Amino acid sequence: MKIAVFSDIHGNKEALEAVISSIKKKKVDRTICLGDTIAIGPDSNDCLNIIRKNKIRMTIGNHEKYFLKGIPYSETDRPEEYNHQKWVKTTISAKNKKYLENCPYGIKLTEAGKEFLFIHYKMEYDRFKNEVRKPNDPSKTKEFENKIKELFRESQFAIFGHDHHEYQVDKENSFYLNVGSSGCTEDDNTHYYILNINDKDISSERINEKYNRNKFLERMKQIDYPAKEFIKKTFYGIGKSIIKNK
């Protein structure tokens, strides 16, 4: 069984098109999108159209949850984020809203006698107070692995996204894979993963692809939307200062 998985496209239509075009050339049995298809980038509605057109199964991410259930912070607390989410709501069609209302928070599949959970993240928490980040300090690896297992204690095999950081924990009859963000990139590279599942083992393969970043950046220039300057720097590395070692 081969399953293609990607997450956190965030309105980057050009990256999504490159990912799907690549997946179609692979002999995969399923394709799953782990949510956060909308917001941050300029083309949330177009990205949802592409997901629907290609009949890709998709889970709800926190940004879809904000769209459907309400923004979890006030205009006073986070004015730029609040106004950005309000703007996102105005861009999504009624047909895509209905589509999102029918998307699950998680997808469970049983393959080779193992139950896999495909989920954006632990969605009980609007602000994800239980986020687990991979440490830079190797001495804390064991602690990190234990936190991941506790976070997904309901399942020994979980594939997720959300924090835009990729990592894999494959140990003691368990498998946890964070596929990162395919849409928030600082260059013209995007990616997705292919899971290879059989009776003997589970493995993952990262597939790298180029996308038309210039077209994406031109699209950002064309649209004036809330928090765009912050987004350009934070999520796409535009205008980020680079400190060189002397």
For segment 75-80, Karplus couplings with θ = phi - 60° (6.51, -1.76, 1.60), whole Hz, Gly/Pro x:
5, 6, 5, 9, x, 5
For segment 2-236, with +1 on Lys and Arg beta carbons and -1 on Asp and Glu, the positive-most of Leu177, Ser22, Pro42 along the dipole:
Ser22
Once R0 is set to 25 Å, what does the formula 1/(1 + (r/R0)^6) return for the Cβ-Cβ distance between Lys26 and Asn102, expressed as a FRET efficiency to the nearest 0.05?
0.40
Ranked by GNM mean-square fluctuation in the chain (Cα springs under 10 Å), the top entry among Arg153, Arg213, Arg57 is Arg153
Sort 137-146, 111-120 for me by packing, meaning the mean count of neighbouring Cβ atoms within 10 Å per residue, highest on top.
111-120, 137-146
Antiparallel %, DSSP beta bridges [both residues in the chain], to 5
65 percent
What list of ³J(HN,Hα) values in whole Hz, one per residue of segment 99-115 in order, does the Karplus curve 6.51 cos²θ - 1.76 cosθ + 1.60 (θ = phi - 60°) give from phi, with Gly and Pro shown as x?
4, 5, 4, 9, 7, x, 7, x, 10, 10, 10, 9, 9, 6, x, 10, 9
Placing +1 on the Cβ of each Lys and Arg and -1 on the Cβ of each Asp and Glu in the chain, which of His165, Ile207, Thr234 has its Cα farthest towards the positive end of the resulting dipole?
Ile207
Run lengths n ≥ 4 of DSSP H only: what is the helix-derived mean residue ellipticity at 222 nm for the chain, with -39500 (n - 2.57) per run over all residues, to the nearest 500?
-9500 deg cm²/dmol
Find out how many positive minus negative residues lie around Ala112, taking Lys and Arg as positive, Asp and Glu as negative, among other residues whose Cβ is under 13 Å from that of Ala112.
-2
Running a GNM on the chain with Cα contacts under 10 Å, which residue among Ile194, Ile40, Ile207 ends up with the highest mean-square fluctuation?
Ile207
Karplus-derived HN-Hα couplings along segment 37-52 (A = 6.51, B = -1.76, C = 1.60, θ = phi - 60°), whole Hz, x at Gly and Pro:
6, 10, 6, 6, x, x, 10, 4, 5, 4, 5, 5, 4, 5, 4, 5
Relative contact order for the chain, counting Cα pairs under 8 Å that sit 6 or more residues apart, in percent:
25 percent
Roughly how many whole Å is it from the C-alpha centroid of segment 51-75 to that of segment 152-222?
18 Å
Treating the beta-carbon of each Lys and Arg as +1 and of each Asp and Glu as -1, no other charges, what is the dipole magnitude of segment 2-236 about its Cα centre, to the nearest 20 debye?
700 debye
Given the options Gly106, Gly161, Gly183, state which has the largest fluctuation in a GNM of the chain using a 10 Å cut-off (strictly under) for Cα springs.
Gly106
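Values in this text are rule-based calculations from the coordinates and carry no lab data. Computed from a prediction, not measured in an experiment: that's the story for all the values here. In this analysis, Cβ positions are derived from the backbone assuming ideal geometry, glycine residues included, and neighbour counts consider all displayed protein chains.
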